[in-house]
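**Student:** Can you keep this structure in mind? I'll have questions shortly.
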Amino acid sequence: MSASLPSAVTLCPSPCVRLCTLDEADVCVGCGRTLADITAWSKMPDADKAACVARARERLQAMGRPLPPYPTSPTLPRR
């Protein structure tokens with residue numbers, strides 16, 4: 001019997017590390033995404049999410065913040 005994944009599985013999971021605090025430029029000091037990135041995340045295609053994560057990691061490096069581990073496996077929807 002083969003199990004199929006739910007359609008809500010994403011190949012690019014959220015980089016959120018639950019340290020949600022915005023700086024004066026509206027950039028999250030936990031994950032490095034902008035407020036606009038965070039609010040648009042759920043509607044972004046996976047390619048845009050991957051680009052968003054890359055930019056966020058660059059922002060964190062520029063801020064001198066440690067880079068959080070980024071999950072590389074698909075995530076299932078939360079229940």
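**Student:** Which pairs have Cβ atoms under 9 Å, sit 6 or more apart or on different chains, and link a residue in region 56-76 that is more than 12 Å from residue 13 (Cα to Cα) and of a type in the set (Asp, Glu) to one that is part of a loop (DSSP other than H, G, I, E, B) and modelled with pLDDT of 95 or more?
**Tutor:** Note: pairs meeting the criteria are 58/32.
**Student:** Could you check how many residues of region 39-54 are under 16 Å from residue 17 (Cβ atoms) and not hydrophobic (A, V, I, L, M, F, W, C)?
**Tutor:** 1
**Student:** Looking at region 26-51 only, could you name the residues that are outside any helix (DSSP H, G or I), surrounded by 14 or more Cβ atoms within 10 Å (Cβ to Cβ) and of a type outside the set (A, V, I, L, M, F, W, C)?
**Tutor:** Those that are outside any helix (DSSP H, G or I), surrounded by 14 or more Cβ atoms within 10 Å (Cβ to Cβ) and of a type outside the set (A, V, I, L, M, F, W, C): 30, 32, 33, 34.
**Student:** Taking region 18-45 as the region of interest, how many residues are within 16 Å of residue 68 (Cβ to Cβ) and either among the hydroxyl-bearing types (Ser, Thr, Tyr) or touching a residue at least 60 places away in the same chain (Cβ under 8 Å) (or both)?
**Tutor:** Selection size over region 18-45: 1.
**Student:** When you scan region 1-19, do you find a residue that is surrounded by 10 or more Cβ atoms within 10 Å (Cβ to Cβ), at pLDDT 90 or above and not in a loop (DSSP other than H, G, I, E, B), even just one?
**Tutor:** no
The values are calculated or read from the model by the stated rules, or taken from the named source; none is laboratory data. Since the model is a prediction, treat every value here as computed from it, not as a measurement. Backbone-built Cβ (ideal geometry, glycine too); neighbour counts: all protein chains shown.
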